[in-house]
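Reviewing the structure listed below.
The values are calculated or read from the model by the stated rules, or taken from the named source; none is laboratory data. Here the structure is a predicted model, which means the values were calculated and not measured. Note that each Cβ is placed from the backbone with ideal geometry, even for glycine, and that neighbours are counted across all protein chains shown. These area figures cover heavy atoms from the full protein model, side chains too; ligands, DNA and RNA do not enter into them. Shrake-Rupley method; radii C 1.70, N 1.55, O 1.52, S 1.80 Å.
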Amino acid sequence: MTAAIASSAAGLRVVHLPARTPYARKLHGPGIHTLNTTTEPTEIRPGHAVPADVTASWILDHTPLDWLDVLHLHHIDLEPPAILERLLDACARARVRVVFTAHDTRPMLGGDSNGADAFTTRLRLLLAADVPWICLTEGSRADLAALLGTEPPTTVIPHGYVVPPDTLRHRERLPGTGVRTLLYGATRTNRDQISPVVNWSLATSNPTHTLHLLLRAASPADFTRTTPSPLPVILDIARHDPRIRITMRPYPTDTAVLDAALASDLLLLPYLWGTHSGQLELAFDLGLIPVCARVGHLPEQHRLHQRHDQAVPEPEWFDWTTGHPNLFGERFLTALESATARTAAAPRRLDHDFLDYRTQEHKDVLAAHLALYEGGHR
């Protein structure tokens, strides 16, 4: 079933590209009507509903663009530069407001020189189109300004919650014995998933400790890319260690992630590189201890708010940015052992004072987004 196209009374009609991320899904409220949702696709004309996983090509195939007011771009390295340029031109002709959130300062799906060059090309297209930018930290704004040689028109808006606090009012972290560790997400090239699983399995001797891997469904691209997929190795390790549980979902839903996280004590964040992390924010929401690579602006995310210093546990950091690569496993394992020891004194109940803070923070986040959406609105 599809909803009819929103009237102006329902708020500005917004399309997120891409939309299947917790960050995009939380940007709804008074004055904002998201057209591409996973629950109720919006019909823009008879027989044409905006898909949840809409692409730039799909939008270009559905001109004139009189059915949306705002296009919110997120991970732009998913779109070819030529297609992105055509999309920006089409939005300018239709007077569709374009906003860009710079989640990353390098391509999300790769780190080779060609990928980096194409990513910079995309950023310059946005710069030339006078698109307003959102950065999640001051540090990422400085990085992008250094990369481009000029500062984009940027508003810094913190990432904010991943889990809506209202959904946690009657939830609680599950009781249990042993230390329960969670590793979830897609098998992207910016994450090391093999060595954390190997290290956990061979170094953890307590039979009551568990490791849960919540993974996104594997695709042919996972096995044909330049870097090999970690899945065959992970599956082989899991066959020999019954404490490791693997759950694969087509696309892990918010509910699936929340259920797995509430049943956990530690959250592994083995980024090889990155800029910001919604998974780190999830650990804040639920009071999990993150075992986290010190990359990008993740330390700044932790320091960002005074409430974080008071209420959010310091992650157990490990550093993959310096030193010989042969030492990275040693650093991860040291952090894992320290985090495991900390669980004995860590509270298992949710911090509802912090969740109240998150609720107010989100109102500010929405207001800042709406102000950018409204700027220059036709």
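Details
- Picking from residues in the range 79-111 that are surrounded by fewer than 21 Cβ atoms within 10 Å (Cβ to Cβ) and among the acidic types (Asp, Glu), the one that is modelled with the lowest pLDDT is Glu79.
- Tyr251 being in a strand (DSSP E or B), at pLDDT below 95, under 27 Å from His362 (Cβ atoms) and not acidic (Asp, Glu): no
- Some residue of the range 154-172 being farther than 26 Å from His28 by Cβ and buried (at least 18 other Cβ atoms within 10 Å of the Cβ): no
- For the range 67-78, a residue qualifies if it is modelled with pLDDT of 90 or more and either open to solvent by 10 Å² or more (accessible area, probe 1.4 Å) or under 14 Å from Arg122 (Cβ atoms) (or both), and the qualifying residues are Asp69, Leu73, His74, His75, Ile76.
- Gly185 fulfils the conditions (1) at pLDDT 95 or above; (2) on the phi > 0 side of the Ramachandran plot except for a single criterion, (1).
- Residue within the range 213-236 that is crowded, with 19+ Cβ neighbours inside 10 Å and within 17 Å of Leu262 (Cβ to Cβ) present: yes
- Residue match in the range 121-131 (condition: open to solvent by 30 Å² or more (accessible area, probe 1.4 Å) and on the phi > 0 side of the Ramachandran plot): yes
- Residue that is farthest from His159 (Cα to Cα) [pool: residues in the range 24-66 that are charged (D, E, K, R) and open to solvent by 40 Å² or more (accessible area, probe 1.4 Å)]: Arg45
- Criterion: in contact (Cβ under 8 Å) with a residue 12 or more places away in the chain and in a helix (DSSP H, G or I) - qualifying residue of Ala116, Ala92, Ala146: Ala92
- Considering the conditions (1) over 24 Å from Leu304 (Cα atoms); (2) touching a His at 6+ places or on another chain (Cβ under 7 Å), Ser201 is excluded by exactly one of them, (2).
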